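See below for the structure under consideration.
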Amino acid sequence: MSPRLPFLIAASLLMANAVQAQVAPPPRALAPLAPSVVAQPALQASSSLPTAPLPPGASDRPDPPPHRARRTAGEATVVSGRIQHWLVNPNGEADGIVLADGTQIAFPPHLAQEVTGLAKVGDTLQVTGWRAPGVPVMRAQSLSAHGRTVTDRPPEGAPRPPREPGALAALSASGTIERLLYNDRGDAHGVVLSDKTIVRFPPHVGARLASQLTVGSGLYAVGWGTRGTHGSAMEATRIGATADSLREVFGPPQAMGDNPPGETAPPVKPGAASQAGPMTMSAPAGDPPPAPAP
C-alpha cells in the first residue's frame, strides 16, 4: 500500500466535515406567541407617534353648553328699563316683555311664573341676553329686579300635560296696530293692538301680509286664545284689515285670498258642520265652537 493513501483518506474526511458544518440546520418550529405579547409592541409604537400640537389654552378651555353655542351668533347685551306691559301667548302664558323704551324682551314660557313673580308693570328690570344683528328683539338669559334674578334654564320635572279640551276660547279683536312682534330671526309673528290685545300668526303669514301689517293700520282678527291677568292673546285663524276682508291663515297658499264680504263667523275645527255667530273678546254664550286639537 502506498504510504500516501491513508493521508488522502484522512484529508477527504476532514473536507466532508467542513462542508457539513457550513450548511445551516433547518429552522425549528416556534410556538405561537400569546396575543398580549404581540399587541404590546404595537401599543408602545403608537404611543410614540408624534401628535399635532393643541392651540394655546385648549387643554383648560371648557366646551360651551349647546344653548350658549346657539346664541353666540348674536351680540351680548345688557338693558335696563321699566316694564310697560307683558307679552303673552295664546295659552295665556307670559313669554315676553315690552319695556318703556319699546325694547322687546323674549323668554321661554316655562319661566312665566317666576318672571311675573319677579316684577310687575312699572317696575325697573335689568336684562342680560343676546340680540342677533338687525333683529329688534332680545332673548333674555337672566332677568333681575328687587335683588332677585331669574336665569334661563331647561324645564324641570315631567313634561307638561296636553292642553285641556276647551282651554282656548273663540275670540275676535279689532283695532289699530301699535307694534309688531318678532321672533329671534327677526320674522314678524304677531302684533299688539292699541288695547294691548296680542294677535299671533305664523311667520310666513307675516311675510305675506307685510304691506298690511304696519304700525297705525287697522286690523281685524278671529281665532283661539285666552284672556288673563296679564292680557289677552289669540292665535289668528282669519285676519284682515276689516271684518269684510278676512283671509284664511292656516289654509293652503291659494286660500289666502279675500273671503266673501260679511263672512265674520268664528273659526271652527276642520270638518265641523256649522259655525257660530260673531265673536267678542269674551267667551261666546252657549256651547263654544270646537277648539283645535291639542
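Where a number appears in this text, it was derived from the coordinates with a stated rule and is not lab data. This is a predicted model, so every value here is computed, not measured. Neighbour counts run over all protein chains shown; Cβ positions are idealised from the backbone, glycine included.
Figures for the structure shown
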read-out	value
Mean Cβ count within 10 Å, highest first, over the residues of peptides 136-144, 120-128	136-144, 120-128
Relative packing of 179-186, 147-154, which averages over residues the other C-beta atoms within 10 Å, highest first	179-186, 147-154
Difference of contour (0.36 nm per residue) and Cα-Cα distance, ARG163 to SER211	13.8 nm
Alpha carbon centroid spacing (whole Å) that separates the stretch 223-244 from the stretch 98-138	22 Å
Protection proxy ranking, peptides 98-108, 190-200, 235-245, average beta carbon neighbours within 10 Å, highest first	190-200, 235-245, 98-108
Rounded to whole Hz, the Karplus (6.51, -1.76, 1.60) HN-Hα couplings of the stretch 96-109, x for glycine and proline	x, 9, 10, 7, 4, 8, x, 5, 9, 10, 10, 8, x, x
